[in-house]
Amino acid sequence: MAKAERILIVDDEIVIRELMSDILTDEGFSVASAPNGMAALKMLQESNDFVVLFTDIMMPEMDGIELIRKARLVSPALVPIVMTGYATLETARAAVKEGAYDYVLKPFNLSEIKMSVTNALERCRLSNENASLREITELFNISERIASIRSEDALLEFVLNAALERVEAERGSLMLVSDDGLEMTVARGVGLPQDYDHAAVHVKNSISGWVAENVKPLFVEDIRQEPSVDKLSWQLRDNSFISVPLERKGSALSGPDACKGRVIAVLNVTEKRNQKTFTEADLKILSIMANHAAAALENVRLLADVEDTQREIVFTLGEIVETRSQETGFHVKRVAEYCKLLGLKCGLSSAEAEILRLASPLHDVGKVGIPDAILNKPGKLSVDEFDIIKTHAQMGYDMLKVTKGHVLQAAAIIALQHHERFDGKGYPNGLSGKDIHIFGRITGIADVFDALGVKRVYKDAWELDRILELFREERGNHFDPDITDVFFANIEEILEIRDSLSDIE
């Protein structure tokens with residue numbers, strides 16, 4: 001560590017101060033001195049570049065132990081060393097308890113002072129390295145967490161709270177930029193007035209708008225010294241704040257429009273704890289977090305678009321299959337809602353039940369490979385024809401198994417297994433019991449229930465009592481007994497779904 005870093009000498013005896021200053025200055029250190037504890041505290045408050053504090057223990061008004069305690073509150077990284085001519089076990093314990101690193105005895109030994117300072121500076125270096133490592137580790141953990149979040153609301157909530165915690169701020173917001181780039185909306189806020197929740201402001205009339213338009217952070221230590229910025233503020237209660245942009249990467253725009261649309265949100269923090277002022281280190285931390293948050297937010301929105309597209313594809317393909325079977329698309333909609341209801345009642349998480357709802361409409365997608373003459377035959381199928389019909393389960397799986405994404409992968413499993421039976425007499429693979437995926441077991445029940453209740457080319461619609469009687473008979477045979485029990489326990493809700501999505505002639 002360079003010797004230019006500053007050392008503060010505190011002693012009520014001018015001779016001691018001058019002696020210590022001469023010794024340490026001759027060694028190349030930058031030295032300042034104070035005659036008492038109050039003066040020393042004032043110097044520490046005015047300058048944060050002191051590394052080592054030499055203080056006498058026995059001083060009037062404020063002794064060295066109390067000075068160390070108060071100095072560490074002002075400057076936690078400061079390394080205190082006590083000077084005393086009355087070293088006792090009690091004073092040593094008291095000094096160590098308040099954070100003293102070492103002590104030197106009066107009258108001074110030059111080599112002891114040099115060694116004490118060298119050790120203190122080495123400790124400071126190691127402490128700074130450890131602090132940097134902890135900071136990097138913490139930011140890495142935050143970045144990993146940011147990257148793992150798949151909900152935009154949850155992402156915004158986590159980013160704002162993590163940012164406030166890392167820079168010890170009490171108040172802040174995340175403001176989203178509108179698609180046309182003209183407005184900023186408060187998406188998340190902490191410590192803001194209630195009427196600021198989801199409030200919108202023109203980009204020309206806010207600090208966040210300035211940050212978005214200029215695509216660069218704004219760090220203000222005292223807004224009173226920045227009249228042009230103060231004019232844009234929303235009645236800040238604190239003079240110090242930081243605003244950083246969440247910037248899209250790889251914009252294709254150039255020239256005067258280069259900044260347009262590059263910022264998707266702005267992170268703002270103010271009111272640092274204990275009435276402190278934000279630092280360049282805080283700005284660096286927030287800028288790193290903003291970069292990771294911007295990438296994560298873009299990914300979350302992209303995934304949402306992909307999932308929306310998958311939903312459209314799933315329902316469109318499901319309706320196409322039903323149309324080929326001369327049935328209405330309401331069948332796949334009803335099956336989807338039955339599946340979600342049964343999934344939730346069987347203990348699936350809301351996310352798993354939603355995947356089941358989205359994937360189940362493709363249970364019969366393999367029927368696109370079945371000839372119309374067999375698929376829509378009005379009479380009873382021959383053995384050979386039924387064998388051809390049964391191939392739709394494997395064909396559906398083969399069509400979907402190479403796809404990416406949770407929904408289509410779930411759809412592949414459902415297509416393959418929704419005709420398996422709990423007793424092992426189903427097709428295509430004769431699976432039994434819990435070897436059948438729960439998605440397949442639930443969809444099998446939902447599909448049979450709905451199919452029996454509607455008229456098809458090869459049969460009339462069954463009455464509800466007849467359907468329920470079949471389910472009672474097939475409990476544990478065709479159908480999973482536990483899921484069948486859940487089905488009967490929630491039959492009223494299932495019938496409500498059927499009525500709300502009834503076929504329209």
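The values are calculated or read from the model by the stated rules, or taken from the named source; none is laboratory data. Everything quoted here is computed from the prediction, not taken from an experiment. Counting neighbours? That spans all protein chains shown, and the Cβs are built from the backbone with ideal geometry, glycine included. Calculation scope for accessible area: heavy atoms of the full protein, side chains included, ligands and nucleic acids excluded. Shrake-Rupley method; radii C 1.70, N 1.55, O 1.52, S 1.80 Å.
Observations, loosely collected:
- Percentage relative contact order, the range 99-185, counting C-alpha pairs under 8 Å, at least six apart: 12
- Cβ-placed point charges (K, R +1; D, E -1), dipole of the range 378-505 about Cα centre in debye, nearest 20: 540
- What the chain shows is 51 Å² of accessible area per residue, with the surface traced by a 1.4 Å probe over protein heavy atoms.
- Estimated FRET transfer efficiency (H202, E168; beta-carbon r; R0 35 Å; 0.05): 0.65
- Net charge contributed by nearby residues that have their C-beta within less than 15 Å of A163 (K/R +1, D/E -1): -1
- Take the Cα of D485, go 7 Å toward its beta carbon, and the backbone nitrogen atoms of the range 405-449 under 18 Å from that spot belong to 422-423, 433-435, 438, 441-442, 445.
- Selected from S382, I7, H331, residue furthest toward positive end of dipole (the chain; charges at beta carbon): S382
- Spin-label pair E157/S30, simplified geometry with 7 Å Cα→Cβ offset, distance in nm: 4.7
- The range 345-392: trypsin sites (Lys or Arg not before Pro) in DSSP loop, at most 15 other beta carbons within 10 Å: K380
- Extended-chain gain in nm, criterion 0.36 nm per residue less alpha-carbon gap, R145 and S127: 3.8 nm
- Once the Kirkwood radius over Cα pairs is known for the chain, the Stokes-Einstein relation at 10 °C and 1.306 mPa s delivers a diffusion coefficient of 55 µm²/s.
- Taken as Cα centroids, the range 327-357 and the range 278-322 sit 25 Å apart, rounded to the nearest whole angstrom.
- If only the Cβ of Lys and Arg carry +1 and only the Cβ of Asp and Glu carry -1, the dipole of the chain around its Cα centre is close to 640 debye.
- Candidate membrane-span-like segments in the chain, meaning DSSP H helices with Cα atoms spread over at least 20 Å of their own axis and a Kyte-Doolittle mean of 0.0 or above, are 152-166, 280-324, 330-345, 438-452, with no membrane implied.
- Taking a straight Cα-Cα cut-off under 30 Å and skipping sequence neighbours fewer than 8 places away in the same chain, the lysines within cross-link reach of K459 are K333, K340, K367, K377, K380, K390, K425.
- Modelled FRET efficiency - R0 41 Å, L192 with K42, Cβ distances, 0.05 increments: 0.70
- With each label modelled as a point 7 angstrom along the Cα→C-beta vector, the K114-V383 pair spans 10.5 nm.
- When the chain is described by a simple charge dipole with +1 on each Lys and Arg Cβ and -1 on each Asp and Glu Cβ, the residue from A77, T391, T137 located farthest towards its positive end is T391.
- For the chain, the share of DSSP beta bridges that are antiparallel, to the nearest 5, is 55%.
- Residue separation of E280 and T185 scaled by 0.36 nm, minus their Cα-Cα distance, works out to 31.5 nm of gained length.
- Accessible area of E66 in the full protein assembly, 1.4 Å probe (Å², nearest 10): 50
- Set of the range 189-219 residues, backbone N closer than 13 Å to the point 7 Å along the Cα-Cβ line of S178: 199-205
- Cα gyration tensor, the range 406-459 - rounded (a/c under 1.5), prolate or oblate: oblate
- Computed with a 1.4 Å probe on the full set of protein chains, the accessible area for K455 sits at about 150 Å².
- Normalised by the number of residues in the chain, the mean separation of alpha-carbon contacts (under 8 Å, six or more apart) gives a relative contact order of 8 percent.
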